[in-house]
1. Taking the Cα centre as origin and putting +1 on Lys and Arg beta-carbons and -1 on Asp and Glu beta-carbons, what dipole magnitude results for the chain, to the nearest 20 debye?
2. Quick check: convex hull of the Cα atoms in segment 9-149, volume per residue, rounded to a whole Å³?
3. What number comes out for the charge environment of residue 33, summing +1 per Lys or Arg and -1 per Asp or Glu over other residues with Cβ under 9 Å away?
Amino acid sequence: MTTEQGIGSQAASVAAELRGILRRLNRRLRQQADFGDLTRSQLNVLSRLEREGPGTVSELARAEGVRPQSMGATVVSLEVSGLVRRDPDPTDGRKTVISLTGAARDTIATSRSIRQDWLQRVLSRELDSAELDRVNEAIALLSRIADAD
């Protein structure tokens, strides 16, 4: 086995382990904040609108990889819940732009704070200073992976 094959095998093993751990951590973080009856699709739309700003139903559907009709139903349910609103597109009056309401922004901020507090408590309780330094070093490596093409 060449060094390159050995590294590939090691990378495959690390990738599998990392995926499992990230999935468990993500699940634990989601459990911390109660989103009520919101579905994963609805949460994805709220998150996208928060990150990228207002968008049309077609833009949201394309970004989420779903049909515009499906996204339309998701948006309607979020609108009924008071989490998004529809406004005329300022550049094209034929289009409607979907954006977050103040209630949605408050919900997102509260949820983020709850998850941040939980993670900080767990890190403080479970890790000593040297281990926190190692996690911090790993964050830089994980960031490189996240930014790779």
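Each value in this text was obtained by applying a stated rule to the coordinates, not by laboratory testing. Here the structure is a predicted model, which is why all the values come from computation and not from measurement. Reconstructed Cβ throughout: ideal geometry from the backbone, glycine too, with neighbour counts over all protein chains shown.
1. Values: 22 positive and 21 negative charges, 94 e Å.
Approximately 460 debye in magnitude.
2. On the way: hull volume 21.7 nm³, N = 141.
Per-residue hull volume (Cα only) is 154 Å³.
3. Numbers: positive: 30, 112, 115; negative: 34.
Cβ neighbours under 9 Å give a net charge of +2.
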